[in-house]
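The values are calculated or read from the model by the stated rules, or taken from the named source; none is laboratory data. A quick note: this is a predicted structure, and the numbers were derived from the prediction, not measured. Quick reminder, even Gly has a Cβ in these numbers, built from the backbone with ideal geometry, and neighbours come from all protein chains shown. Remember, those area values only see protein heavy atoms, side chains included, never the ligands or the DNA or RNA. Shrake-Rupley method; radii C 1.70, N 1.55, O 1.52, S 1.80 Å.
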Amino acid sequence: MRRRRRTPTDASAPDGLPEPPVIEFRGAGLTYPGPPAVAAFKPADLALRRGEFVTVVGPSGSGKSTFLNIVGLLDRPTEGTYLLDGIDTGRLSDNGRTALRGRRIGFVFQSFHLLPHRSSVENVALAMLYSAVPARERRARAREALDRVGLAHRAQALPSRLSGGERQRVAVARALVGRPSLLLCDEPTGNLDTANSEVVMELLAELHLAGLTILVITHDPAIAERGSRTLTIRDGVLSDRSPAAAATGQAIR
Ligand code: ADP
């Protein structure tokens, strides 16, 4: 079922209360202690609203992975605050962060990380192994997710029988099966040729239209342009070159 698209200005929850940003940084930054200490991601303010399709671009070594690790709750910021869906993640225990990550975030990586001897539907269903979803429901949910990425007809295929683009679509289905509020993609087209990259970016655009919040890290300016908003990271400094940010003078320090 297609959900109604929610735009950044459509920022109220069904109960009429203002909806918190999906991602909010308040002076959040990360310095690796070293020695020597490396200020890999300098303190930044940022608010990404539900339904945004954000691309993050920057050269190698600029801090993109560090940013992704903070957003994905894989690393804690060493300064400032990071709120995910309004939840102050700094107050959570490691177990609390893991649980929140499992419920709210779907990951897609450059390498597809599919188990070679498992079919598409099994690969997707395995993502729910440690979830509360009852075993009998997992396969149905996996089929639903494959249908959402246009691969219902390839449910029984092994990864070796799929094209690169199809493998990445299975990986997207696996990321979606937990019904996350945020899809985090790290160089999702990095291993794909132009035609397969296009298929994957089209899929992300469709998911965005259906209301999903998507963040794509890339070093490819052509991929970066596909976002409705593009952030740049250079030498650990985050900047927002989207027209909306320029108009409102949105702060990124
Ligand atoms: P990108 O993803 O844009 O290539 P990274 O976020 O991986 O950049 O790295 C940003 C900077 O932080 C680089 O200078 C890198 O060498 C450094 N860095 C990354 N991880 C660590 C770490 N665990 N300890 C120390 N420095 C690190």
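Arg136 meets the conditions (1) at pLDDT 90 or above; (2) out of contact with any Lys or Arg (no Cβ under 7 Å at 6 or more places or on another chain); (3) outside any loop (DSSP other than H, G, I, E, B) in every case but one. The failed one is (1).
Taking the conditions (1) out of contact with any helix residue (DSSP H, G or I) (no Cβ under 8 Å at 6 or more places or on another chain); (2) open to solvent by less than 10 Å² (accessible area, probe 1.4 Å) in turn, Arg136 satisfies each one other than (2).
Taken over the range 91-130, the criterion of being over 17 Å from the mean Cα position of the chain (by Cα), hydroxyl-bearing (Ser, Thr, Tyr) and assigned to a loop (DSSP other than H, G, I, E, B) is satisfied by Ser93, Ser119, Tyr130.
Please work out which residue is nearest to the chain's Cα centre (by Cα), limiting yourself to the range 170-215 and to residues that are assigned to a strand (DSSP E or B) and not hydroxyl-bearing (Ser, Thr, Tyr). The extreme case among them is Leu184.
Could you list all residues from the range 214-236 that are surrounded by fewer than 16 Cβ atoms within 10 Å (Cβ to Cβ) and away from the ligand (no atom under 12 Å from the Cβ)?
As a first pass, look at the range 214-236 and keep what is surrounded by fewer than 16 Cβ atoms within 10 Å (Cβ to Cβ): 219-222, 225, 234-235.
Residues satisfying the conditions are Asp220, Pro221, Ala222, Glu225.
With respect to Glu52, determine if the residue is acidic (Asp, Glu) and open to solvent by 20 Å² or more (accessible area, probe 1.4 Å). I'd like the intermediate steps shown before the answer.
Working: acidic (Asp, Glu): yes; open to solvent by 20 Å² or more (accessible area, probe 1.4 Å): no.
No; evaluated as a whole, the condition is false for this residue.
Identify the residue in the range 39-69 that is of a type in the set (Gly, Ala, Ser), more than 13 Å from the ligand (Cβ to nearest atom) and out of contact with any Asp or Glu (no Cβ under 6 Å at 6 or more places or on another chain) and, among all such residues, is farthest from Ala222 (Cα to Cα). Among those residues, the one meeting the criterion is Ala44. Quick one: would you say Gly29 is assigned to a loop (DSSP other than H, G, I, E, B) and within 13 Å of the ligand (Cβ to nearest atom)? For Gly29, the condition - assigned to a loop (DSSP other than H, G, I, E, B) and within 13 Å of the ligand (Cβ to nearest atom) - is not met.
If you go through the range 73-83 one residue at a time, do you hit one that is open to solvent by less than 60 Å² (accessible area, probe 1.4 Å) and of a type in the set (Asp, Glu)? Yes, that holds for at least one residue.
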